[in-house]
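> Next up is a structure, given as structure tokens.
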Amino acid sequence: MIGDVRTTEEEQRYRTVLMEHIAAELEEKSWARCPAYSPEERTRLTEVARALCVRLDRPVRVDVQDAYSVLFSFDRGASEAGQLDVGRLSL
């Protein structure tokens, strides 16, 4: 996002809000879709997914759906809790 400059504290708050939103969607529907318009946003969402694996104590899969969105889902095939499965992810 052009002009998107955040302090470390603002970035941490933003990631916390993202994680809470995605966690709620995953718990409700077992999937969540988030916009990701740039490589930086996809990187941020992948880092959020890693934190979600730990928070939810179960594997989370991340897939790029198209040029503008990322899909999170519970990975039923992974064997270890806390494991991040990066599916079709292009950073």
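FYI, it's all coordinate maths here, none of it is from the lab. Small disclaimer: the values here were computed from a predicted structure and weren't measured. Counting neighbours? That spans all protein chains shown, and the Cβs are built from the backbone with ideal geometry, glycine included.
> What are the pairs with Cβ atoms under 8 angstrom where one residue, in the range 18-37, is at positive phi and the other, located anywhere, is assigned to a strand (DSSP E or B)? Sequence gap at least six, or different chains.
S30/S73; S30/F74
> Residues of the range 14-69 being acidic (D, E) and part of a strand (DSSP E or B), which ones?
D63, D66
> Using beta carbons and a limit of 7 Å, which pairs, at least six apart or on different chains, have the first residue in the range 56-75 and free of Cβ contacts under 8 Å to residues at least 24 places away in the same chain and the second one crowded, with 16+ Cβ neighbours inside 10 Å and of a type in the set (D, E)?
These pairs meet every condition: D75/D85.
> Would you confirm whether any residue within the range 2-13 is outside any strand (DSSP E or B), among the charged types (D, E, K, R) and under 9 Å from the mean Cα position of the chain (by Cα)?
Scanning the range 2-13 turns up no residue that is outside any strand (DSSP E or B), among the charged types (D, E, K, R) and under 9 Å from the mean Cα position of the chain (by Cα).
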